[in-house]
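The values are calculated or read from the model by the stated rules, or taken from the named source; none is laboratory data. Computed from a predicted structure; not experimentally measured. Cβ atoms come from the backbone with ideal geometry, glycine included; neighbour counts cover every protein chain shown. Heavy atoms of the whole protein, side chains included, go into the accessibility calculation; ligands, DNA and RNA do not. Shrake-Rupley method; radii C 1.70, N 1.55, O 1.52, S 1.80 Å.
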Amino acid sequence: MWKISDLKWTREPKNFILQENRIEIITDPHTDLWQRTYYNFQNDNAPVLQMETAEKFFSFIVKTDFSKSHNRFDQCGIVMYLDSENWLKASVEFENKNFQHLGAVVTNHGYSDWSTTAIPADIKIMWYRFSRRNSDYCIENSVDGKNFSQMRICHIHKGAEKINFGIYACSPENSSFKAIFTDMQITECAWKAHDGQQPDN
């Protein structure tokens, strides 16, 4: 069970509301998380709200409401931010009136990658489930909070011991919107041990 007092800001935004069952973040313009790859810039100024744990096996679930997003790249979702060069995030990024991007970014040793898929622009609610098994992580999404689909399995090189995880919201361009987070819960690890092909000897 988590408490609101467990959450700590990295880069506190100007406007936000923290309640036990609802968190609102008003994004500041020109805020983002990205490191180097392809775009050749480094952005490390998005607000993240996280809790710390040494637990090696668990899942974190949150519902995001981004119905107020309206400008290119507006986004909110889950995050595991260890430092400026080692982190992961998953979110829906606004693109235009026709589609938006559901995706995950994994950053190891200062280089980001982005796996993404286009989804309809009328989707304005998304659930995420972030699961940990030692230093390996699984990110899943759901439109109803019941049926989750795998987005990404990854390894975080600095993610073997204590970690910080939680939520974030940002507007990389000259924009601002209200991101709403509800239904946050921590459960036993929903990402079960692999039972297929055996490891190499």
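Here are a few things to note about the model shown:
- Range in the chain, longest, excluding exposed trypsin sites (Lys or Arg not before Pro) [loop by DSSP; at most 11 other beta-carbon atoms within 10 Å]: 15-96
- Projected label distance in nm at N21 and T53, using a 7 Å step from Cα toward the beta-carbon: 2.2
- If a spin label sat at a point 7 angstrom from the Cα of W2 along the line to its beta carbon, the backbone N atoms of segment 58-76 nearer than 17 Å would be those of 58-65, 76.
- Distance histogram for segment 10-80 (every C-alpha pair counted, 5 angstrom bins, percent rounded to whole numbers): 3, 11, 22, 24, 18, 13, 7, 2
- Total charge dipole magnitude, segment 1-67, about the Cα centre, Cβ charges on Lys, Arg, Asp, Glu only, Debye to nearest 20: 80
- Accessible area of the chain belonging to carbon and sulfur atoms, whole % at 1.4 Å probe: 47
- Cα centre as origin, Lys/Arg/Asp/Glu Cβ charges: segment 97-201 dipole, Debye: 220
- Summed side-chain charge close to R22 - residues other than R22 whose Cβ falls under 12 Å, Lys, Arg +1, Asp, Glu -1: -2
- Counted residue by residue at 0.36 nm each, then reduced by the alpha carbon distance between them, the extension gain from N40 to T116 reaches 25.5 nm.
- Environment charge at S149 (Cβ cut-off 15 Å; Lys +1, Arg +1, Asp -1, Glu -1): +1
- Among H30, A104, V62 the positive-end extreme of the charge dipole of the chain (Cβ point charges): V62
- Point-to-point label distance, A190-D83, nm (Cα→Cβ direction, 7 Å offset): 3.2
- The Cα atoms of the chain give a gyration tensor whose axes a ≥ b ≥ c have a/c under 1.5, which makes the shape rounded.
- The residues packed around T187, meaning those with a beta-carbon under 15 Å from its beta-carbon, carry a net charge of +3 if Lys and Arg are +1 and Asp and Glu are -1.
- Of the chymotrypsin sites (Phe, Trp or Tyr not before Pro) in segment 14-123, the ones in a loop by DSSP (not H, G, I, E or B) with at most 10 other beta carbons within 10 Å are Y38, F41.
- Normalised by residue count, segment 106-175 yields a Cα convex hull volume of 133 Å³ per residue.
- Given K158/K192; K14/K124; K14/K146, the pairs whose alpha carbons are separated by over 30 Å: K14/K146
- Computed over protein heavy atoms with a 1.4 Å probe, the accessible surface of the chain works out to 50 Å² per residue.
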